[in-house]
Amino acid sequence: MPARIVGTGSCLPVRAVSNQELEKIMDTTDEWIRSRTGICKRHIAVEETTTSMAVEAAKKAMENAGTEAKELDLIIVGTVSGDMCFPSTACQVQAEIGAEHAIAFDINAACAGFLYGLAVADAYIKTGMAQTALIIGAETLSKMIDWKDRSTCVLFGDGAGAAVVKKDEVGIESLVQGADGAKGSVLNCHNRPVNNLFVKNSVELDFAHMNGQEVYKFAIRTVPEAVFKALDKAGTEPDNVNYFLLHQANIRIIESIAKKIGQPIEKFPTNLQKCGNISAGSVPVLLDNVNREGKLRRGDKIALAGFGAGLTWGAAVLTW
Ligand code: ACO
C-alpha cells in the first residue's frame, strides 16, 4: 500500500526583512532583487533555531493529521543547517515532541532534502519498517550566508515545513531522485577544516558560495526531466496534475519549468515572494501554505520537485 501525506505544518521566524530594508544596509535594490528572483521579503531567525522551527512545524503537521507523537515510528529531517553537529536535528525534534517510539535521523540533500526524505519514508512504509512517519525540511541558512555577499544573501530565508505520512489506499505514486556530485562546487559551503594537535590550522568558518548561472541552467534542465520521469512512472500526464509545487528559488526558474512542462503558470503556486529560498524547508512550507489555503482536495494529483546543492534533485507524483 502506498504512503500518503495526511497532514502538513510550517513555521517561519517572526522577523520579516523586506528588500527595502536590505537596500538600506547593502548595495542592492528592491528592483534588482524582484526582477531577477521575484523575492520581496524573507523571514530571518532571531530567537528561532532550526530545531525550534522544526518542532513547531511538526506539531502543526501532527495536529493537522490528527496524529499523536507516540504513533510516530520514523522522523526524518532534511537540513544543512542543524543547530548541532550531533545529535541530529531529528533526534532533538523526537525529544521535544515526545515521539519515544520513533527512530530519527537527518538527511543532507540541501534543497532536495524534503523530497529525499519523502522517498526514504515511502520505502520504510512500503516495506513495513514504519507505519507513520514525520518528514521535516528545516533551515536557518541566514547563519551560513555571507551578509557582505549581495549575490547570495538576498536570496535566502529561514523556516521549516513538515508532513505526516501514513500507509493508505492512495498516496505517493512515484518518486525520482538524482545526484551529480561532480558538480558539487557549483553550490557549496565548507564545514570545519581538519584541525587537531597534529595540524596547524586557523579555523575559519566558511559561508555559502554559489555560481548562480550554473544553478539556473541545472534547475531548468533537470527539474522538467525529473517531473516528466515521475509522471511517466505514475502512468499519468501533466494535464492531469492539479498543482506543481516546486522548490522556491527563483520565479524565473519556475516560469521556465512551467513552459517546458507545457502547463499554465496558475498550476505552479509560489510563496518565494514572501519567504525567499528556504532550501529544504521550501517545498514543505509551500505544501502547507497551499493545504491551509484549502486549495487541495482529496483525490487531486500533485507533483512536487526540489533541486539543490550536491547537486541533488527529486520529484514526486502523488494523489492527495
Ligand atoms: N543587488 C544588486 N546587484 C547585484 C546583486 C544584488 N543583490 N547581486 C548581484 N548583483 C550584480 C552583480 O554584481 C553583477 O554586476 P556586474 O554586471 O556589474 O558584474 C550583476 O548584478 C549580474 O550578476 P549575475 O550574477 O550575472 O546576475 P544573474 O542575472 O545571473 O542573477 C541570480 C543572479 C538571481 C542568482 C541568478 O543567477 C539565478 O537566479 N540563479 C539561480 C540560482 C538560484 O536561484 N539559487 C538560489 C539558491 S540555490 C538553490 O536553491 C538550489
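The values are calculated or read from the model by the stated rules, or taken from the named source; none is laboratory data. Keep in mind that this is a model prediction, so the values were computed, not measured. Methodologically, a virtual Cβ is constructed for each residue, glycine included, from the backbone with ideal geometry; neighbour enumeration extends over all protein chains shown.
Quick notes
- Beta carbons closer than 6 Å, at least 6 apart along the sequence or on distinct chains, pair a first residue in the range 298-317 that is away from the ligand (no atom under 16 Å from the Cβ) and assigned to a loop (DSSP other than H, G, I, E, B) with a second that is polar (S, T, N, Q) and modelled with pLDDT of 95 or more for D300/N242.
- Within the range 150-177, if we keep just the residues that are among the charged types (D, E, K, R) and farther than 15 Å from A138 by Cα, the residue that is nearest to the ligand (Cβ to nearest atom) turns out to be R150.
- Selected residue (only one of A182, A219 is modelled with pLDDT of 95 or more and surrounded by 15 or more Cβ atoms within 10 Å (Cβ to Cβ)): A219
- Options I136, I103: the member that is among the β-branched types (V, I, T) and either without any contact (Cβ under 8 Å) to a residue 60 or more places away in the chain or within 16 Å of the ligand (Cβ to nearest atom) (or both): I103
- Cβ-Cβ under 8 Å pairs, at least 6 apart or on other chains, the range 212-237 side farther than 18 Å from A309 by Cα, far side among the basic types (K, R): T236/K301
- For the range 208-220, filtering for residues that are part of a helix (DSSP H, G or I) and over 19 Å from the mean Cα position of the chain (by Cα) leaves 3.
- Residue among A123, A104 that alone is small (G, A, S) and part of a helix (DSSP H, G or I): A123
- Any hit, the range 67-78, residues being surrounded by 23 or more Cβ atoms within 10 Å (Cβ to Cβ) and either over 15 Å from V165 (Cβ atoms) or among the small types (G, A, S) (or both): yes
- Selection within the range 175-206 - of a type in the set (V, I, T) and closer than 30 Å to A316 by Cβ: V176, V186
- Odd one out for S279, checked against (1) surrounded by fewer than 19 Cβ atoms within 10 Å (Cβ to Cβ); (2) in contact with a strand residue (DSSP E or B) (Cβ under 7 Å, 6 or more places away or on another chain); (3) not basic (K, R): (1)
- For the range 1-38, a residue qualifies if it is modelled with pLDDT under 95 and surrounded by 19 or more Cβ atoms within 10 Å (Cβ to Cβ), and exactly one does: A3.
- Residues (at positive phi and either in contact (Cβ under 8 Å) with a residue 40 or more places away in the chain or within 13 Å of the ligand (Cβ to nearest atom) (or both)) located in the range 265-297: G276, S279
- Those residues of the range 128-172 which are surrounded by fewer than 19 Cβ atoms within 10 Å (Cβ to Cβ) and not in a loop (DSSP other than H, G, I, E, B), in sequence order: K143, R150, S151, K167
- Residue match in the range 236-245 (condition: within 16 Å of the ligand (Cβ to nearest atom), under 15 Å from I302 (Cβ atoms) and buried (at least 19 other Cβ atoms within 10 Å of the Cβ)): yes
- Taking the range 1-98 and the strands (runs of 3 or more DSSP E) fully enclosed by it, the elements with 1 or more residues that are touching a residue at least 12 places away in the same chain (Cβ under 8 Å), over 18 Å from C275 (Cβ atoms) and away from the ligand (no atom under 16 Å from the Cβ) are at 3-11, 74-78.
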